[in-house]
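Each remark here refers to the structure printed beneath this line.
Every read-out reported here was derived from the displayed coordinates using simple, explicitly stated rules and does not represent laboratory data. This is a predicted model, so every value here is computed, not measured. We place every Cβ from the backbone using ideal geometry, glycine too, and count neighbours over all the protein chains shown.
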């Protein structure tokens, strides 16, 4: 039960977002995962900083902000101003990743780097010691409710080995197709944080589902 659960508000009811955030506040969720999409880096548009600022007003759990956008380094201060605890940028969108990670830390946030399904964990060889978390996408980013990519389990295992071999405390987060079945396999493979959207918000009792995921 040491793993964290970070429900993704991408699957929340945006007509009743305050209600859904209050539900997460009262639940056993550890973080609130916020996916920001620009329609360029991924083929979808979600929400931006005005929504994040509203979430900040009511959220009692740390905000885990995942930027699926081009040039994420341009928005570090904006993300900080929205109250983010963790800011995660894509390896594939960050040609100067070391500089970006340093700037995130200088702004007072934890820094994460995300890998798309096709990007091997070995690409993080020279940055792993500098980041607080690696987010493994277990679906192609852009849409919720997709099928879990099974080979993500081996990526998590390989990344866990890299972290342990270096004696690091870097967290492994996984996003995409997380449910009660895949969550157990991911935890066994070495995941620390599970992002669950559809599994939580489509459940008859979302708080119960969060507790079940937490209890695995």
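Beta bridges per DSSP, both residues in the range 4-215: antiparallel share near 5 percent.
Given an 8 Å cut-off on Cα distances and at least 6 residues of separation, report the relative contact order of the chain as a percent. Value for the chain: 22 percent.
Stretched out straight at 0.36 nm per residue, the stretch from residue 129 to residue 102 would grow longer than its current Cα-Cα span by 8.5 nm. When Rg and Dmax of the Cα atoms in Å is computed from the coordinates, the matching label among (1) 16.1, 49; (2) 32.3, 126; (3) 15.8, 46 is (3).
Cβ-Cβ distance of residue 158 and residue 202, R₀ of 25 Å, FRET efficiency by 1/(1 + (r/R0)^6): the value works out to about 0.20.
When the chain is treated as a Gaussian network with alpha carbon springs shorter than 10 Å, the biggest mean-square fluctuation among 109, 23, 63 belongs to 23.
Between 15, 24, 159, the residue with the greatest mean-square fluctuation in the GNM of the chain (Cα pairs under 10 Å linked by springs) is 15. Reducing the range 52-74 and the range 27-51 to their Cα centroids gives an inter-centroid distance of 7 Å. Shape call for the range 112-194 from the C-alpha gyration tensor, a ≥ b ≥ c root eigenvalues: rounded (a/c under 1.5), prolate (a/b greater than b/c) or oblate? Here the range 112-194 falls in the prolate category.
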